[in-house]
Amino acid sequence: MGMITDSSTVSSGSAPQLAHPPTPVPRISDPLKAQVESFNFFYANGFQALHGINMPIADNQVTALIGPSGCGKSTLLRSFNRMHDLYSKNRYEGRIILLPENINLIGPELDPIEIRMRVSMVFQKPNPFPKSIYENVAFGLRVRGETNKRYIDERVEKALRGAALWDEVKDNLDKSGFALSGGQQQRLCIARALATDPEILLFDEPTAALDPISTAKIEDLVVELKKTVTIIIVTHNMQQAARIADYTAFMYLGQLVEFDQTNQIFTNPSNPMTEQYLTGRFG
Amino acid sequence: MTDLSPASSTTETTVGFDLRRTGNTWQRIKEGIIEGILFVAGISSVVITIGIVVVLLSETIPFFTVPETKTIYTPTVEGAQTLTISKIIAPVGTYVDKGAPVVEFSSPAGSAVLTATASGKILKILGEVGTTVEMNKHLVDISHLVTLRDFFVDTLWAPVFDDPRYGIWSLISGTLTTTLVALFVAIPVGTIIAIWLSEYCYPNVREVLKPSLELLAAVPTVVYGYFALLIVSPVMQWVLGMFGITMGGFNMLSAGLVMGIMIIPYVASLSEDAMRAVPIQMREGSYAMGATRVQTALRVLVPASLSGITSAYILAIARAVGETMIVALAAGQRPNFTLNPTQEAATISAAIVQATLGDLPHDSTAYRAIFAAGLMLMLITLFFNIAGYLIRKRYREAY
Ligand SMILES: Nc1ncnc2c1ncn2[C@@H]1O[C@H](COP(=O)(O)OP(=O)(O)OP(=O)(O)O)[C@@H](O)[C@H]1O
Ligand SMILES: [Mg+2]
């Protein structure tokens, strides 16, 4: 059960301002997969995009990150698989603990490649590789040095089934990944991310570029996938968060404003800012 | 080409109203002038290409169709003063093959046979049976036509010899060998540089390195030519000497190596542009799967930019095939039908420049041969361009 006890006063109507008040650590009763602790993030230009984030990630649950554009959702999400390491001079502060091993995901001593093998990511725009459907899904195994054809065959099929794409492509595995529709491409990217059995799956607005039917399929898929993998999803679509997320985090200006069970956030937010955002008064 | 011209694009905007009609007269004139300039610029390259092909064809067609008159002289017989025609084996109007007997002579010192120095039709014989002729005097005219067979089957190129030969293969072999040596250097080195520049080096280092790399392509080729001849060639002679291989001062190896250095920037710079044009999501997608930088570069970025990389290779090949100065200086200019890079040989372009430097009469077959060779050069380049086009079509990026 989560609660946040921030009560900064807000001038109703106009967009509220946060002045970096300390955010208490939300507590939940579910078992945890990860725990973000006093997390700050600085981009290479010195801009601090995240301020003192404290947030639990429940094991085998869906956690949604919501908030107005530019509030730092993608920045936070991309910290879980160390995408920021791709660009020099980006800086993390604080800890993101991966459980049960109790290792710090953003610790400089950890190899980002090791982390990306355990934390997979699906992007906003479908980004298949210029390869066949089969090779797209097998990519993660191949970069891990896997060469056993039978094993790869098995994993590719399992991943494509897991991404609800198998029946549509099983006769065309040699066709280019680009030959698929946008929604199919996105499910191909999900299959690609699943093929290596990740512990956490990150989604950054995975349905923003898709039609309603493809969106519904991906949403069903996310709910199905949480049986085997912990999911963190960024979304701009409130209904989507309400439909698929178990926990929701509302962020604003690089801060975590409120974190709670999804139904709690949507029916009875404890922070007036959350309520204002959910009712469309800003953002 | 034509889709660059505004004329074709405006046809699509006629839905609703024509933008060009909305301004005043002056504006319309201005638009018209700009449109005209764009159109001329757009089609000029097509016009120039067609013009070049027309010029080449206008000399190549006569090369194969206008016969050349060959004169044959009476033979020399040791000890004789004059010769008497004893028999005309091939009278005027008959066709003879090269080497076939034409006229038989007798003399006190012995008999002799005059053979055709070229195939063709006997045009004229200055004498008949019983005529006494002096030695080494013009006796027979043969109307000789260069055939496609002479051009494509013969393996010697010697258009200015008394007995001219037009075997283009001896030049094509030189062009292919030097080009292959150059590509052997430029493609691996250029591609590795491209990968390194796009994936490994710091952006500010790249900003300095890339222009300096491009300078390599700006060095005058005559400088490269002497570099190949005076520095690379002796070094290669020494290196090969250690393996017991002797090589002359003129050789295709040094010319090809230096040509390879010259075309590295074409490969590297354009391939790097193509690799960096790959969308950031694809690159991040690869890293997000746990791929290393090498894996990302080789398994994702290179396949994703294959069409651009192919273009870079094709441009480099075209540049190598047409390169003249380096090969003319360093590879020797003696046509030589061989693919052995340690040999000296002439390329098509070197043979053209060599023939042009002499003073060939403009009406001669030897002069027209230059254009036939030039057309071959163009066809080879065209071949690579078409091959590149097909590869690009096959691997067109779909992102
Ligand atoms: N590479 C960067 N360098 C500097 N600042 C950046 C960089 N990328 C993002 N930012 C800034 O960091 C803040 C958070 O960006 P982020 O992309 O995380 O927002 P977001 O919540 O994902 O927004 P959206 O909903 O539009 O995707 C923004 O103010 C943005 O301008
Ligand atoms: Mg974002």
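Just one residue in the set B:Ala355, B:Ala369 is part of a helix (DSSP H, G or I), away from every other protein chain (no Cβ under 14 Å) and at pLDDT below 90; that residue is B:Ala355.
Looking only at residues of segment A:189-224 that are of a type outside the set (A, V, I, L, M, F, W, C) and in a helix (DSSP H, G or I), we find that the one that is farthest from ligand 1 (Cβ to nearest atom) is A:Glu224.
Here A:Val143 qualifies as surrounded by fewer than 24 Cβ atoms within 10 Å (Cβ to Cβ), of a type outside the set (Lys, Arg), within 17 Å of B:Arg299 (Cβ to Cβ) and away from ligand 1 (no atom under 16 Å from the Cβ).
Close Cβ contacts (under 9 Å, 6 or more residues apart or on different chains) running from residues in segment A:228-250 that are within 14 Å of another protein chain (Cβ to nearest Cβ) to residues that are away from ligand 1 (no atom under 16 Å from the Cβ) and open to solvent by less than 10 Å² (accessible area, probe 1.4 Å) comprise A:Ile232/A:Ala34; A:Ile232/A:Ile57; A:Ile232/A:Val62; A:Ile232/A:Ile200; A:Ile232/A:Leu201.
Residue-by-condition table, conditions (1) of a type in the set (Gly, Ala, Ser); (2) open to solvent by less than 30 Å² (accessible area, probe 1.4 Å); (3) within 16 Å of ligand 2 (Cβ to nearest atom):
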residue: A:Ser79; (1), (2), (3): yes, yes, yes
residue: A:Tyr87; (1), (2), (3): no, no, yes
residue: A:Tyr92; (1), (2), (3): no, no, no
residue: A:Leu98; (1), (2), (3): no, yes, no
residue: A:Asn102; (1), (2), (3): no, no, no
residue: A:Leu105; (1), (2), (3): no, yes, no
residue: A:Pro108; (1), (2), (3): no, no, no
residue: A:Ile113; (1), (2), (3): no, no, no
residue: A:Met117; (1), (2), (3): no, no, no
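Residues are listed down the side, and each one gets a yes or a no for (1) assigned by TED's automatic domain parsing to the domain that holds B:Ala372; (2) under 18 Å from B:Trp157 (Cα atoms); (3) in contact with a strand residue (DSSP E or B) (Cβ under 8 Å, 6 or more places away or on another chain):
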position: B:Ala274; (1), (2), (3): yes, no, no
position: B:Ala288; (1), (2), (3): yes, no, yes
position: B:Thr296; (1), (2), (3): yes, no, no
position: B:Pro335; (1), (2), (3): yes, yes, yes
position: B:Thr338; (1), (2), (3): yes, yes, no
position: B:Thr347; (1), (2), (3): yes, yes, no
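On the given criteria, is B:Val232 assigned to a helix (DSSP H, G or I), away from chain A (no Cβ under 14 Å), surrounded by fewer than 24 Cβ atoms within 10 Å (Cβ to Cβ) and of a type in the set (Val, Ile, Thr)? Yes. Where in segment A:225-283 are there helices (runs of 4 or more DSSP H), lying wholly inside it, with at least 3 residues that are open to solvent by 60 Å² or more (accessible area, probe 1.4 Å)? The qualifying helices (runs of 4 or more DSSP H) are A:262-267. Going by what's in this entry, would B:Asn204 be described as closer than 30 Å to B:Thr82 by Cα and over 27 Å from the mean Cα position of the chain (by Cα)? No: the conditions fail for B:Asn204. Within the option set A:Phe266, A:Phe203, being touching a strand residue (DSSP E or B) at 6+ places or on another chain (Cβ under 9 Å) and within 16 Å of ligand 2 (Cβ to nearest atom) holds for one residue only, A:Phe203. Considering (1) out of contact with any strand residue (DSSP E or B) (no Cβ under 8 Å at 6 or more places or on another chain); (2) more than 12 Å from chain A (Cβ to nearest Cβ); (3) assigned to a loop (DSSP other than H, G, I, E, B); (4) buried (at least 19 other Cβ atoms within 10 Å of the Cβ), the lone condition that B:Leu270 does not fulfil carries the number (3).
Checking each residue in segment B:199-229 for being open to solvent by 40 Å² or more (accessible area, probe 1.4 Å) and not in a helix (DSSP H, G or I) picks out B:Tyr202, B:Val219, B:Pro220. If I filter segment B:297-317 for residues that are modelled with pLDDT under 90, more than 14 Å from chain A (Cβ to nearest Cβ) and open to solvent by less than 30 Å² (accessible area, probe 1.4 Å), do I get at least one hit? Looking for residues that are modelled with pLDDT under 90, more than 14 Å from chain A (Cβ to nearest Cβ) and open to solvent by less than 30 Å² (accessible area, probe 1.4 Å), one finds none in segment B:297-317, hence no. Of all residues in segment A:160-185, exactly one satisfies the criterion of being open to solvent by less than 10 Å² (accessible area, probe 1.4 Å) and within 12 Å of chain B (Cβ to nearest Cβ), namely A:Gly177. For segment A:103-137, a residue qualifies if it is away from every other protein chain (no Cβ under 13 Å) and under 20 Å from the mean Cα position of the chain (by Cα), and the qualifying residues are A:Ile103, A:Asn104, A:Leu105, A:Ile106, A:Gly107. Checking the structure you have, find out if any residue of segment A:167-182 is free of Cβ contacts under 8 Å to residues at least 60 places away in the same chain, outside any helix (DSSP H, G or I) and among the hydroxyl-bearing types (Ser, Thr, Tyr). Within segment A:167-182 (the criterion being free of Cβ contacts under 8 Å to residues at least 60 places away in the same chain, outside any helix (DSSP H, G or I) and among the hydroxyl-bearing types (Ser, Thr, Tyr)), the answer is yes, since at least one residue qualifies. Sort out which residues of segment B:275-296 are away from every other protein chain (no Cβ under 12 Å) and without any contact (Cβ under 8 Å) to a residue 40 or more places away in the chain, and write them in order of number. Answer for segment B:275-296, where residues must be away from every other protein chain (no Cβ under 12 Å) and without any contact (Cβ under 8 Å) to a residue 40 or more places away in the chain: just B:Ala277.
Under the condition of being open to solvent by 10 Å² or more (accessible area, probe 1.4 Å) and part of a helix (DSSP H, G or I), which residue from segment A:122-140 is farthest from ligand 2 (Cβ to nearest atom)? Out of the qualifying residues, it is A:Tyr134. May I ask you to verify whether A:Lys89 is facing chain B (nearest Cβ under 10 Å) and farther than 24 Å from A:Asn54 by Cβ? The answer is no for A:Lys89. Output the residues belonging to segment B:72-108 that are touching a residue at least 60 places away in the same chain (Cβ under 8 Å), of a type in the set (Val, Ile, Thr) and open to solvent by less than 60 Å² (accessible area, probe 1.4 Å). If the condition is that a residue be touching a residue at least 60 places away in the same chain (Cβ under 8 Å), of a type in the set (Val, Ile, Thr) and open to solvent by less than 60 Å² (accessible area, probe 1.4 Å), then B:Ile72, B:Thr74 are the ones that fit.
The values are calculated or read from the model by the stated rules, or taken from the named source; none is laboratory data. No experiment lies behind these values; they were computed from the predicted model shown. Note that we place each Cβ from the backbone using ideal geometry, even for glycine, and neighbour counts take in every protein chain shown. Side chains are part of the model used for accessible areas, which takes the heavy atoms of the whole protein and leaves out ligands, DNA and RNA. Shrake-Rupley method; radii C 1.70, N 1.55, O 1.52, S 1.80 Å.
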